[in-house]
1. Just one of GLY60, GLY40 is closer than 23 Å to GLU288 by Cβ, of a type outside the set (Asp, Glu), in contact (Cβ under 8 Å) with a residue 40 or more places away in the chain and open to solvent by less than 80 Å² (accessible area, probe 1.4 Å); which is it?
2. For the stretch 111-128, give me the residue count where each residue is within 14 Å of the ligand (Cβ to nearest atom), open to solvent by 60 Å² or more (accessible area, probe 1.4 Å) and closer than 13 Å to VAL81 by Cα.
3. Taking GLY143 as the residue in question, decide whether it is in contact (Cβ under 8 Å) with a residue 60 or more places away in the chain, within 16 Å of the ligand (Cβ to nearest atom) and in contact with a Ser or Thr (Cβ under 7 Å, 6 or more places away or on another chain).
4. Only one of these is under 29 Å from ALA18 (Cα atoms) and crowded, with 19+ Cβ neighbours inside 10 Å: VAL223, VAL291, VAL252. Name it.
5. Can you tell me how many residues within the stretch 136-163 are surrounded by fewer than 24 Cβ atoms within 10 Å (Cβ to Cβ) and either touching a His at 6+ places or on another chain (Cβ under 6 Å) or in a loop (DSSP other than H, G, I, E, B) (or both)?
6. Output the residues belonging to the stretch 20-49 that are assigned to a helix (DSSP H, G or I) and away from the ligand (no atom under 13 Å from the Cβ).
7. Just one of (1) within 15 Å of the ligand (Cβ to nearest atom); (2) among the β-branched types (Val, Ile, Thr); (3) within 21 Å of the chain's Cα centre (by Cα) trips up VAL81, so point out which.
8. Inspect all residues belonging to the stretch 192-211 and state whether any of them is outside any loop (DSSP other than H, G, I, E, B) and open to solvent by 60 Å² or more (accessible area, probe 1.4 Å).
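The values are calculated or read from the model by the stated rules, or taken from the named source; none is laboratory data. Predicted model only: the values in this text are computed from it and were never measured. Using ideal geometry, Cβ is built from the backbone for each residue, glycine included, and neighbour counts are taken over all protein chains shown. Calculation scope for accessible area: heavy atoms of the full protein, side chains included, ligands and nucleic acids excluded. Shrake-Rupley method; radii C 1.70, N 1.55, O 1.52, S 1.80 Å.
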Amino acid sequence: MILIDGKKTSQDIKNEIAARVAEIKAEGGKTPHLAAVLVGNDGASQTYVGAKVKACEEVGFQSTLVRLDSSVSEEELLKVVEDINENPDIDGLIVQLPLPKHISVDKVTNKIKPEKDVDGFTPANVGRMTLNWPAYVAATPYGIVELLKRYQIETSGKHCVVIGRSHIVGSPMSILMARNGYPGNATVTLTHSKTQNLAEICRTADILIVAIGKPEFVTADMVKPGAVVIDVGIHRIEDPSKKSGFRLIGDVKFDEVAPLASAITPVPGGVGPMTIAALLYNTLQSAEKKVFG
Ligand code: GUN
């Protein structure tokens, strides 16, 4: 069984990005610049955005964090996005989700200039990805694709079962695995909450991508021996034996599934760390005008 090490792979990618940034700077080019907009005081969002800003520093990017009170109006937030859209020094823009209930996520997402949409959330980038055009691919699907590539996992002709049809993970993952390329050329089954005989379908998967958001949902009886298992879930559960009082688990019951799998991502240290590398990679692509030209 191969343990797919997302922590190491993410660090490898960050080192590659840092090397390219050093080259750009040595040639007198502009430092890539990411702007993050954070609305309110949600603890998890603050942690994520903090990690993104820190990662920018690590690779030599400039970053700007715009913090707005949770009472900000939709109109004010749209204006902040517009100003960043028009700021020629900023290459990438993310608005951390979730947003307060009085603000439309769709409206805000659609306001982001596709050329700066390094989260890959805008309709333009989702459409471009679907058409197999150059596009910013969202962080989690990008991270999974990169792990499959770097671990040279064969995907052509394989049966890939994706559990979960969210706009940011399951749905794009199903498109990427089916497209003509590598990774890709898989026969894909996209399953969701209304799927019947889920366990049976999962048992036919050569590659099982689990993004259902339920702790330890996938058990050994749902996995074909030799399958590649990618676990997107991340859940905090109480664990008094830990100093922190909690531990992290995924959507897959790791201890019983790992011995069956030919390769598997752990939680933590699998898909999670890859998402920041994806954001940095997309920002570099934007700075170098590699996606929209
Ligand atoms: N909230 C949780 N994940 C993400 C992400 O990838 N991007 C943004 N903008 N917000 C998030």
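1. Numbers: GLY40 fails: closer than 23 Å to GLU288 by Cβ.
Answer to the check: GLY60.
2. Of the residues in the stretch 111-128, 1 are within 14 Å of the ligand (Cβ to nearest atom), open to solvent by 60 Å² or more (accessible area, probe 1.4 Å) and closer than 13 Å to VAL81 by Cα.
3. Details: in contact (Cβ under 8 Å) with a residue 60 or more places away in the chain: yes; within 16 Å of the ligand (Cβ to nearest atom): yes; in contact with a Ser or Thr (Cβ under 7 Å, 6 or more places away or on another chain): yes.
Spelling it out, GLY143 is indeed in contact (Cβ under 8 Å) with a residue 60 or more places away in the chain, within 16 Å of the ligand (Cβ to nearest atom) and in contact with a Ser or Thr (Cβ under 7 Å, 6 or more places away or on another chain).
4. On the way: VAL223 fails: under 29 Å from ALA18 (Cα atoms); VAL252 fails: under 29 Å from ALA18 (Cα atoms).
When all the criteria are applied, what remains is VAL291.
5. Looking only at that region, the number is 8.
6. At the first step, the residues of the stretch 20-49 found to be assigned to a helix (DSSP H, G or I) are 20-26, 43-49.
Across the stretch 20-49, the qualifying residues are ARG20, VAL21, ALA22, GLU23, ILE24, LYS25, ALA26.
7. Tallying (1) within 15 Å of the ligand (Cβ to nearest atom); (2) among the β-branched types (Val, Ile, Thr); (3) within 21 Å of the chain's Cα centre (by Cα), VAL81 fails exactly one: (3).
8. Applying the first criterion (outside any loop (DSSP other than H, G, I, E, B)) to the stretch 192-211 yields 198-202, 207-210.
Checking which are open to solvent by 60 Å² or more (accessible area, probe 1.4 Å) leaves us with 200.
Yes, that holds for at least one residue.
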